[in-house]
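Only one structure is covered here, and it is reproduced in the block below.
The values are calculated or read from the model by the stated rules, or taken from the named source; none is laboratory data. Note that this is a predicted model, so its numbers are computed, not measured. Cβ placement follows ideal geometry from the backbone for every residue including glycine, while neighbour counts extend to all protein chains displayed. Note: accessible area is taken over every heavy atom of the protein model, side chains too, but ligands, DNA and RNA are not part of it. Shrake-Rupley method; radii C 1.70, N 1.55, O 1.52, S 1.80 Å.
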Amino acid sequence: MLKDLTLNPLVASARALDTLGTIDERLLRCSISRRAFVQFCSSLMIAAPFGLAITDKKTPEEVAAGLGKVTRPPVIWLAFQDCTGCTETLLRTSHPDLGDLIMNVISLEYHETLMAGSGMQAQQALDEAVKKYSGKYICVVEGSIPTKDKGIYMKLAGRPAMEVLADVGGKAAAIVAIGSCAAWGGIPSADPDPTGAVGVADLLPNQTIVNLPGCPPNPYTLLGVLLQFADSKTLPEMDAERRPKFAYDRDIHEHCPRRAHFDAGHFVKQFGDEGHREGWCLYEMGCKGPDTHAGCSTRHFNEIPDVWPIGIGAPCIGCTEKSIAFRVPMFKVVQIHTLAAPPTAYAPISAPQGIASPLATGLVGLAVGALAGAGYVASRKFSNVKNDENVPGSSPPGSATTPDPGPEESSKASE
């Protein structure tokens, strides 16, 4: 009976769909247009213009050609102490939509928030995925892990979260800690930290881990990391905090669209005041942009301009920085550590006028005369024709713009 079932075309087709295959094969099978995939690659190039091997191409078409040959990476997604905001950021991508993202670009084998099954069915799906792709899958972790009192504050199928992480994460090819909670504890780890919340790297320090802090991080940052690993089994270059440099290579202050107001000394003093309505700098409202490394100021969410905190008039809270977010009060002004100095170091917009001394005027005139003479000498070298009137500055300084006297006029003058 089982043998007969295996020969059934419908069963064979279902099993074929169950294989990972390449992204191109999946797109073709699911009737996803090439144009939609190229548009996705364009968004990926915007999110990672450099520092990511898969986008190191000249055009989106070249990126699509390379990614199309990549085998879809199997992903197991674990959710611990979190608000599900990092999952929500995936649901809100414009290109591709949720169906394309989950079913075609990556192979999401387990995600308890999105899967239809629950309870025993969900646990079986997790066990089967870990067994089938052991050593090959990417484990994405969302949320912090409680460790106090032996981790009793969160359990999955009767096991503490930290035990589940050690089991599933220990068999993964790589781990991606998405969001500030998974990266270093986030909101649950804020004082007084009643559950002893920590990040993934605190429990698995020797594992291959990529931290993508943010509340939430840009979804294309996650996709870029997953697809590069699937393509070459390599990870992008990372900083000391295990963050990929292509996404956390700059501080928000240097590229903030309100930076000109900071330089001019235009600051919002109170939410709703005239400066706030005019889009002035939010530094004095506690903006942590000068100390925050992220690409939010240049890579907005949902491909919509100004969809990020400062873009909607709220100060940056420094959610990508372990020592700032949920550690420093939200509206506390931070110290400037970048090359930019506070506005008092800049020249005033309107400077008081004084009177120039005769000595200064004479020196300026002497300098101008010397420059004019030098320009005249240099201009004579522009042409090999003697007395060429078409040469710029052919007349010496202070002379009338009349042609030089010819031989006849010169002899008459001498007589």
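Values as computed for the structure displayed
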item: Residue check, F301 in contact with a Leu (Cβ under 6 Å, 6 or more places away or on another chain) and either within 24 Å of L44 (Cβ to Cβ) or surrounded by fewer than 16 Cβ atoms within 10 Å (Cβ to Cβ) (or both); result: no
item: Residue within region 1-18 that is of a type in the set (S, T, N, Q), in contact with a helix residue (DSSP H, G or I) (Cβ under 8 Å, 6 or more places away or on another chain) and either more than 30 Å from S180 (Cβ to Cβ) or at pLDDT 90 or above (or both) present; result: yes
item: Residues (under 22 Å from T87 (Cβ atoms) and over 34 Å from the mean Cα position of the chain (by Cα)) located in region 128-152; result: E128
item: Which numbered condition Q270 fails, given (1) among the polar types (S, T, N, Q); (2) within 26 Å of F246 (Cβ to Cβ); (3) outside any helix (DSSP H, G or I); result: (2)
item: Residues that are more than 30 Å from Q39 (Cβ to Cβ) and not in a loop (DSSP other than H, G, I, E, B), drawn from region 288-340; result: G289, P290, D291
item: Region 115-156, residues that are among the polar types (S, T, N, Q), without any contact (Cβ under 8 Å) to a residue 40 or more places away in the chain and under 26 Å from V198 (Cβ atoms); result: Q123, S134
item: Positions within region 109-132 being among the aromatic types (F, W, Y) and open to solvent by 20 Å² or more (accessible area, probe 1.4 Å), in sequence order; result: none
item: Filter result (open to solvent by 40 Å² or more (accessible area, probe 1.4 Å) and touching a Lys or Arg at 6+ places or on another chain (Cβ under 6 Å)) within region 26-51; result: G51
item: Residue in region 157-175 that is under 14 Å from T320 (Cβ atoms) and of a type in the set (G, A, S) present; result: no
item: Residue count, region 155-174 (criterion: surrounded by fewer than 19 Cβ atoms within 10 Å (Cβ to Cβ) and farther than 21 Å from L20 by Cβ); result: 9
item: Enumeration of residues in region 49-81 that are part of a helix (DSSP H, G or I) and in contact (Cβ under 8 Å) with a residue 40 or more places away in the chain; result: A53, I54, T55, G66, L67
item: Matching residues in region 224-280 - criterion: being surrounded by 14 or more Cβ atoms within 10 Å (Cβ to Cβ) and among the hydroxyl-bearing types (S, T, Y); result: Y248
item: Residue that is farthest from F271 (Cα to Cα), among those in region 286-298 that are surrounded by fewer than 23 Cβ atoms within 10 Å (Cβ to Cβ) and of a type outside the set (S, T, Y); result: H293
item: Odd one out for H266 among (1) free of Cβ contacts under 8 Å to residues at least 12 places away in the same chain; (2) in contact with a Phe, Trp or Tyr (Cβ under 6 Å, 6 or more places away or on another chain); result: (1)
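Yes/no matrix, rows are residues, columns are (1) outside any helix (DSSP H, G or I); (2) open to solvent by less than 40 Å² (accessible area, probe 1.4 Å):
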residue	(1), (2)
V176	yes, yes
A183	no, yes
P192	yes, no
T195	yes, yes
A201	no, yes
N206	yes, no
V210	yes, yes
G214	yes, yes
L222	no, yes
